[in-house]
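Q: First the structure, which I've put down as structure tokens, then a few questions once you've had a look.
The values are calculated or read from the model by the stated rules, or taken from the named source; none is laboratory data. In this text, all values refer to a predicted model and were calculated from it rather than measured experimentally. Counting neighbours? That spans all protein chains shown, and the Cβs are built from the backbone with ideal geometry, glycine included.
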């Protein structure tokens, strides 16, 4: 199991790892398992400003297409280019190589992000 | 697990991709016991089945099978079916989701004494893929490897009485095994055990859908329904107007088979975004049809779909698909998307 003590989760199954003013975003292991084989990601370009809780992209598996929501606000500094050709990294390593975006000037409006225990409780229920 | 036609069905056992590739390169095992079976018998069995389906059932010899559709009086498709000629009549295989409707329809157009809904007693397992024939042959005392496509014979598989049919819904070679429902769990286990070393894995509804779509095979409820005539979904080849009277024939005679109300096409998309059932097909921003089925092709590594276009759209029209607000260019390609290599 990955060490998720630094990760915070949304109820819509994204995770964020905040490191100073930088934040990394992806989706949870539970979400990738529910989606199954990830085929395609629609992600914003570097420089795009994200608002916390707003839609920032979409993820498609053979089963379904789902919108992605930003756990925190910020400016996109880097998009995981590996996902263009290997979107299945989201399935195989959702908390590592399957990361989606790195944000600068991350702003956490706090409040409703869940820690690992809270998220586990949410999806386990 | 998902609910499908009254059955709890696994969408996947491992992953759709893994199961799909297993069937294309080795073999896969499917539990298709949800499929319905109706048996027609008696002196008038041929006449009744002939009136129900558009294809020519009279040409079947015992052990032979054919694909066709049942039409309503307006020429719309009630269901797509496979008909087997048996010693004492015909077995019609129907879609699980259509079972109540089909059985009622059959009752309206025959007498109850002529047919029996045996769907609860019959289970269906399919073994599909390049290694399927060798695997089933190794468990069968009779020569089933020489069965031609769309032919079946009664035999045993791993000691279980089975009707062994050279048919499938994946585009690969293989068999469908009709067995007594009580025997199905034991046969499933035997096939898994014998097939495991050959790379056989269990496959769910998800891979069944991606495989059938690559093979250009239709799915009732998505690619056609009660309002779709056979010509409009590319199934004109199952309509045998010369065979005599059948339900829907007068309506179908009003249509021009080469210019039906709708045109069914295969399309390839640029990129990986998946076109899905119900999304709009566009030409210069105007809606000209809908996507009927779409998926990502694991064999071809791009997105594929089938679409139903307005009948008067010229063949060389430039098309695109509105995928959740993003317009993706679509190229019309011949069906099927995938054809298994010769000799494989």
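Q: Yes or no: segment B:135-142 includes at least one residue that is surrounded by 20 or more Cβ atoms within 10 Å (Cβ to Cβ) and part of a helix (DSSP H, G or I).
A: yes
Q: Would you please name the residue that is surrounded by the most Cβ atoms within 10 Å (Cβ to Cβ), looking only at residues in segment A:10-23 that are over 17 Å from residue A:59 (Cα atoms) and touching a strand residue (DSSP E or B) at 6+ places or on another chain (Cβ under 7 Å)?
A: Taking the candidates together, the pick is A:23.
Q: Another question, then. Using the structure shown, decide if residue B:125 is in contact with a helix residue (DSSP H, G or I) (Cβ under 7 Å, 6 or more places away or on another chain) and either in a strand (DSSP E or B) or modelled with pLDDT of 95 or more (or both).
A: In short, yes.
Q: Now, a different point. Inspect all residues belonging to segment B:278-298 and state whether any of them is out of contact with any strand residue (DSSP E or B) (no Cβ under 8 Å at 6 or more places or on another chain), within 16 Å of residue B:206 (Cβ to Cβ) and within 13 Å of another protein chain (Cβ to nearest Cβ).
A: Yes, segment B:278-298 contains a residue that is out of contact with any strand residue (DSSP E or B) (no Cβ under 8 Å at 6 or more places or on another chain), within 16 Å of residue B:206 (Cβ to Cβ) and within 13 Å of another protein chain (Cβ to nearest Cβ).
Q: Consider segment B:107-116. How many of its residues are outside any loop (DSSP other than H, G, I, E, B), touching a residue at least 60 places away in the same chain (Cβ under 8 Å) and farther than 21 Å from residue B:34 by Cα?
A: Adding up the residues that qualify gives 2.
Q: Could you pull out the residue among A:45, A:54, A:70, A:81 that is without any contact (Cβ under 8 Å) to a residue 24 or more places away in the chain and either surrounded by 21 or more Cβ atoms within 10 Å (Cβ to Cβ) or farther than 25 Å from residue A:122 by Cβ (or both)?
A: From the options A:45, A:54, A:70, A:81, the qualifying one is A:81.
Q: Is at least one residue of segment B:252-262 in contact (Cβ under 8 Å) with a residue 60 or more places away in the chain and either outside any loop (DSSP other than H, G, I, E, B) or within 13 Å of another protein chain (Cβ to nearest Cβ) (or both)?
A: Yes: segment B:252-262 contains one or more residues that are in contact (Cβ under 8 Å) with a residue 60 or more places away in the chain and either outside any loop (DSSP other than H, G, I, E, B) or within 13 Å of another protein chain (Cβ to nearest Cβ) (or both).
Q: Is it fair to say residue B:295 is at pLDDT 95 or above, more than 30 Å from residue B:59 (Cβ to Cβ), surrounded by fewer than 22 Cβ atoms within 10 Å (Cβ to Cβ) and touching a helix residue (DSSP H, G or I) at 6+ places or on another chain (Cβ under 6 Å)?
A: The answer is no for residue B:295.
Q: Continuing with this model, one more query. Mind listing just one residue for me: the one in segment B:1-30 that is away from every other protein chain (no Cβ under 14 Å) and surrounded by 22 or more Cβ atoms within 10 Å (Cβ to Cβ) and, of those, nearest to residue B:101 (Cα to Cα)?
A: Ranking the qualifying residues of segment B:1-30, first place goes to B:30.
Q: Next question, about the same structure. Need pairs with beta-carbon distance below 7 Å; first residue more than 13 Å from chain A (Cβ to nearest Cβ) and under 20 Å from residue B:300 (Cα atoms) and within segment B:317-336, second modelled with pLDDT under 95 and not in a strand (DSSP E or B); sequence gap 6+ or separate chains.
A: B:329/B:270
Q: In the set B:119, B:171, which member is assigned to a loop (DSSP other than H, G, I, E, B) and at positive phi?
A: B:171
Q: Could you list, in sequence order, all residues of segment B:200-241 that are part of a helix (DSSP H, G or I) and either at pLDDT below 95 or within 14 Å of chain A (Cβ to nearest Cβ) (or both)?
A: Selection gives B:205, B:206, B:207, B:208, B:209, B:210, B:211, B:212, B:213, B:214.
Q: Out of (1) under 19 Å from the mean Cα position of the chain (by Cα); (2) over 16 Å from residue B:30 (Cβ atoms); (3) without any contact (Cβ under 8 Å) to a residue 24 or more places away in the chain, the odd one out for residue B:161 is which?
A: (1)
Q: What pairs come out if I take residues in segment B:194-208 that are buried (at least 24 other Cβ atoms within 10 Å of the Cβ) and pair them with residues that are part of a loop (DSSP other than H, G, I, E, B) whose C-beta lies under 6 Å away, six or more apart or interchain?
A: Short answer, once both residue conditions are applied: B:206/B:11; B:206/B:12.
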